[in-house]
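The structure appears right after this line, and notes come after that.
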Amino acid sequence: MITGAYAELLEERRRLLRDALAPVFSSSTDFVCEIGSGHGHFLTAYATAHLDSVCVGIDLVGERIERACRKRNRARLTNLHFLRADARLFLESLPAVARICALFILFPDPWPKLRHHKHRIVQPDFLDAIATRAAVGC
């Protein structure tokens, strides 16, 4: 159970994410998502090849997001957005109408030891959360 200052911090992060996501989904509801977008190499190339798709990349590290945004700006891609966010908070903060058409998780941190299992992103509960946000027939 999460209590106190940490709960307040999480709620503030959700609020900031909702504010950042509102303009992204003002005209479109289906989107392509990359979790762990790093410096934005893959998603920038994808968005360039799919100009009709809204693309959202998230990463935990602010410096990576800054570099990805510079790459997006140089390419003048209006369909591409990068956000600093935790994947689970991102899913919780999405507008109700937003649906994931395609999801990319390229090279997630391996956390190779058995005791690290709880840190791995690809787990049943996370996949269930993704499935509830997935679009049908994109």
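The values are calculated or read from the model by the stated rules, or taken from the named source; none is laboratory data. No experiment lies behind these values; they were computed from the predicted model shown. Here the Cβ is made from the backbone with ideal geometry for all residues, glycine too, and neighbour counts use every protein chain on show. Side chains included, ligands, DNA and RNA excluded: accessible areas come from the protein's heavy atoms. Shrake-Rupley method; radii C 1.70, N 1.55, O 1.52, S 1.80 Å.
Worth a mention:
- Residue in the stretch 41-59 that is closer than 22 Å to Thr29 by Cα, of a type in the set (Phe, Trp, Tyr) and in contact (Cβ under 8 Å) with a residue 60 or more places away in the chain present: yes
- Tally, over the stretch 105-138, of residues that are of a type outside the set (Gly, Ala, Ser) and in a helix (DSSP H, G or I): 14
- Of note, Leu77 does not satisfy the criterion of being modelled with pLDDT under 95 and farther than 12 Å from Val32 by Cβ.
- The number of residues in the stretch 1-32 that are in a helix (DSSP H, G or I) and open to solvent by 60 Å² or more (accessible area, probe 1.4 Å) comes to 11.
- In the stretch 97-119 there is at least one residue matching the filter, namely being free of Cβ contacts under 8 Å to residues at least 12 places away in the same chain and among the aromatic types (Phe, Trp, Tyr).
- Leu106 closer than 17 Å to Ser37 by Cα and touching a Leu at 6+ places or on another chain (Cβ under 8 Å): no
- From the options Val56, Val122, Val97, Val61, residue that is under 13 Å from the mean Cα position of the chain (by Cα), open to solvent by 50 Å² or more (accessible area, probe 1.4 Å) and on the phi < 0 side of the Ramachandran plot: Val61
- Against the test of being more than 19 Å from Leu17 (Cβ to Cβ), open to solvent by less than 50 Å² (accessible area, probe 1.4 Å) and either assigned to a loop (DSSP other than H, G, I, E, B) or not β-branched (Val, Ile, Thr) (or both), the options Leu91, Leu51, Leu77 yield a single qualifying residue, Leu77.
- Number of residues in the stretch 100-119 that are open to solvent by 80 Å² or more (accessible area, probe 1.4 Å) and either on the phi > 0 side of the Ramachandran plot or modelled with pLDDT of 95 or more (or both) equals 2.
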